[in-house]
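*Asks:* For reference, the structure I am asking about is given below.
The values are calculated or read from the model by the stated rules, or taken from the named source; none is laboratory data. Since the model is a prediction, treat every value here as computed from it, not as a measurement. As a convention, Cβ positions derive from the backbone with ideal geometry for all residues, glycine included, and neighbour counts pool all protein chains shown.
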């Protein structure tokens with residue numbers, strides 16, 4: 001795998017983070033959050049972020065609180081306190097915690113799997129805007145979604161997977177019938 005003209009060999013989660021890759025997982029509750037932990041603890045579940053908050057072995061509580069408060073404000077997470085368990089938040093606010101953590105270190109590449117699944121209209125709009133802003137600041141976004149409207153709204157190029165085969169690319173302005181043919185394997189590339 002190549003990332004910014006550098007080869008990433010034997011990628012691990014840690015090496016990908018170091019290379020600037022961020023992941024917004026498909027299932028925020030099972031893969032993105034530690035539900036019994038507080039909001040501020042969940043915001044720190046990245047060693048890359050921990051390195052930015054301290055130069056030594058100890059993590060100052062004041063630095064943690066400042067960071068958490070800044071992320072809560074920046075990403076409009078509705079909570080009475082950074083020490084509230086993340087499990088007490090609504091689905092939309094839980095997703096905002098995941099996004100705040102994943103975008104806090106200005107990643108170069110974001111892999112977002114069904115980032116708005118299960119969210120209300122307002123939270124979905126917020127997630128989409130956050131991803132578009134990252135693109136405007138030079139980050140690449142690989143959007144993996146089962147929501148065709150989400151794909152058409154956010155994508156510059158569309159690929160589909162059919163029985164393990166990557167088909168595409170096509171423009172998001174392509175006819176839905178053409179996208180449907182790609183999704184069913186009936187598409188013949190030009």
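*Asks:* Could you tell me whether any residue of the stretch 52-63 is touching a residue at least 24 places away in the same chain (Cβ under 8 Å) and surrounded by 15 or more Cβ atoms within 10 Å (Cβ to Cβ)?
*Replies:* No: zero hits.
*Asks:* Consider residue 106 carefully, then state whether it is surrounded by 13 or more Cβ atoms within 10 Å (Cβ to Cβ) and either more than 30 Å from residue 182 (Cα to Cα) or within 11 Å of the chain's Cα centre (by Cα) (or both).
*Replies:* So residue 106 does not fit the description; no.
*Asks:* Return yes when residue 145 is at pLDDT 90 or above, surrounded by 14 or more Cβ atoms within 10 Å (Cβ to Cβ) and within 27 Å of residue 34 (Cα to Cα) and no when it is not.
*Replies:* Spelling it out, residue 145 is indeed at pLDDT 90 or above, surrounded by 14 or more Cβ atoms within 10 Å (Cβ to Cβ) and within 27 Å of residue 34 (Cα to Cα).
*Asks:* Also, quick follow-up: Tell me whether the stretch 178-190 contains one or more residues that are assigned to a loop (DSSP other than H, G, I, E, B), surrounded by 13 or more Cβ atoms within 10 Å (Cβ to Cβ), in contact (Cβ under 8 Å) with a residue 12 or more places away in the chain and more than 18 Å from the chain's Cα centre (by Cα).
*Replies:* Yes: the stretch 178-190 contains one or more residues that are assigned to a loop (DSSP other than H, G, I, E, B), surrounded by 13 or more Cβ atoms within 10 Å (Cβ to Cβ), in contact (Cβ under 8 Å) with a residue 12 or more places away in the chain and more than 18 Å from the chain's Cα centre (by Cα).
*Asks:* With respect to the numbered conditions (1) closer than 24 Å to residue 23 by Cα; (2) surrounded by 15 or more Cβ atoms within 10 Å (Cβ to Cβ), which one is the sole condition not fulfilled by residue 170?
*Replies:* For residue 170, the failing item is (1).
*Asks:* Which one of these does residue 70 not meet: (1) surrounded by 13 or more Cβ atoms within 10 Å (Cβ to Cβ); (2) touching a residue at least 24 places away in the same chain (Cβ under 8 Å)?
*Replies:* With (1) surrounded by 13 or more Cβ atoms within 10 Å (Cβ to Cβ); (2) touching a residue at least 24 places away in the same chain (Cβ under 8 Å) applied to residue 70, the lone miss is (2).
*Asks:* Consider residue 25 carefully, then state whether it is farther than 22 Å from residue 122 by Cβ and touching a strand residue (DSSP E or B) at 6+ places or on another chain (Cβ under 9 Å).
*Replies:* When the stated conditions are applied, residue 25 does not pass them.
*Asks:* Could you identify the single residue in 118, 122 that is at pLDDT below 90, surrounded by fewer than 16 Cβ atoms within 10 Å (Cβ to Cβ) and not in a helix (DSSP H, G or I)?
*Replies:* 118
Residue-wise test of (1) at pLDDT 95 or above; (2) more than 22 Å from residue 18 (Cβ to Cβ).
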site	(1), (2)
39	yes, yes
53	no, no
95	no, yes
128	no, yes
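*Asks:* In addition: Could you identify the single residue in 100, 104, 123, 113 that is under 21 Å from residue 86 (Cβ atoms) and free of Cβ contacts under 8 Å to residues at least 40 places away in the same chain?
*Replies:* 123 is the lone residue from the list that is under 21 Å from residue 86 (Cβ atoms) and free of Cβ contacts under 8 Å to residues at least 40 places away in the same chain.
*Asks:* Say we look at the stretch 82-93 and pick out the residues that are farther than 17 Å from residue 131 by Cβ and at pLDDT below 95; which of these is surrounded by the most Cβ atoms within 10 Å (Cβ to Cβ)?
*Replies:* 93
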